[in-house]
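This report refers to the structure that appears directly beneath it.
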Amino acid sequence: MRKLVVGAALILAALASAAPGGYGIGRTPSATELRAADISIAPDGRGLPPGHGSGHEGAALYQALCAACHGLRGEGRDDFPVLVGGQGTLGSATPVLTVGSYWPYATTLWDYIRRAMPYWSPGTLTTDQVYALTAFILQMNGVIAVDTVLDETTLARLRMPNRDGFVSDPRPDVRAKQAAAPVR
């Protein structure tokens, strides 16, 4: 058995060394393809696409696409997290980490909904649906008024309740890495 394992390892090593720079499958994506796949949204809103949505529009979408997992009022169910509430609990022994109590940027919510929701079919929502669901969840948390329309400008300007609740990491090695990291 040992000879078989050693032999397999030698064969794999020989194959890997025979293919410098790759494995001979696929291709390097073009710059255009990479830009199309880069859907990152920065905390300040850079990268948000044009579109709009209101809490009113988001309410119907939420009931159809989100309530089965997150509850009718964002209270969470089973393994699906609570989305609403938790304000004033962060300093307690049992903090409730929700969009309205914990998240520092509204753009993070938009980005997460766009990438990961609905659970059974992530990435299938339209841009306007993502804005509408974001507006509804923020409205349920009391961050915006029910008639607020979110778009790439208004969403980026929102100030979340826990925006200043995070502190910098004082470790010198972390500071050095953060200073060296490129800003996108």
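The values are calculated or read from the model by the stated rules, or taken from the named source; none is laboratory data. This one's a predicted model, so the numbers in the text were calculated from it and none came from an experiment. All Cβ positions, even for glycine, are placed from backbone atoms using ideal geometry, and neighbour counts span all protein chains on display.
Here are the numbers:
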| quantity | calculated |
| --- | --- |
| Lone unmet requirement of (1) more than 16 Å from the chain's Cα centre (by Cα); (2) among the β-branched types (Val, Ile, Thr); (3) within 23 Å of Ser40 (Cβ to Cβ) for Ile113 | (1) |
| Any hit, the range 36-56, residues being at pLDDT 95 or above, of a type in the set (A, V, I, L, M, F, W, C) and under 21 Å from Asp128 (Cα atoms) | yes |
| Flag for Thr154 being under 18 Å from Leu72 (Cα atoms) and either at pLDDT below 95 or polar (S, T, N, Q) (or both) | no |
| Failed item, numbered, when Ala145 is tested on (1) touching a helix residue (DSSP H, G or I) at 6+ places or on another chain (Cβ under 9 Å); (2) surrounded by 10 or more Cβ atoms within 10 Å (Cβ to Cβ); (3) modelled with pLDDT under 95 | (3) |
| Out of Ala64, Ala68, sole residue that is within 30 Å of Pro49 (Cβ to Cβ), out of contact with any His (no Cβ under 9 Å at 6 or more places or on another chain), free of Cβ contacts under 8 Å to residues at least 60 places away in the same chain and surrounded by fewer than 14 Cβ atoms within 10 Å (Cβ to Cβ) | Ala64 |
| Selection within the range 56-106 - part of a helix (DSSP H, G or I), touching a strand residue (DSSP E or B) at 6+ places or on another chain (Cβ under 8 Å) and of a type outside the set (A, V, I, L, M, F, W, C) | His70 |
| From the options Thr32, Thr94, Thr89, residue that is within 24 Å of Arg159 (Cα to Cα) and of a type in the set (Val, Ile, Thr) | Thr89 |
| Any chance Arg35 is assigned to a loop (DSSP other than H, G, I, E, B) and either of a type in the set (Lys, Arg) or within 16 Å of Gly142 (Cα to Cα) (or both) | no |
| Ala106 being surrounded by 15 or more Cβ atoms within 10 Å (Cβ to Cβ) and at negative phi | yes |
| Residue tally, condition over 17 Å from Thr148 (Cβ atoms) and surrounded by 16 or more Cβ atoms within 10 Å (Cβ to Cβ), over the range 88-102 | 4 |
| Criterion (surrounded by 15 or more Cβ atoms within 10 Å (Cβ to Cβ), at pLDDT 95 or above, hydroxyl-bearing (Ser, Thr, Tyr) and under 16 Å from His52 (Cα atoms)) met by exactly one of Tyr131, Tyr112 | Tyr131 |
| Identity of the residue in the range 107-156, of a type in the set (Asp, Glu) and not in a strand (DSSP E or B), that ends up nearest to Gly58 (Cα to Cα) | Asp128 |
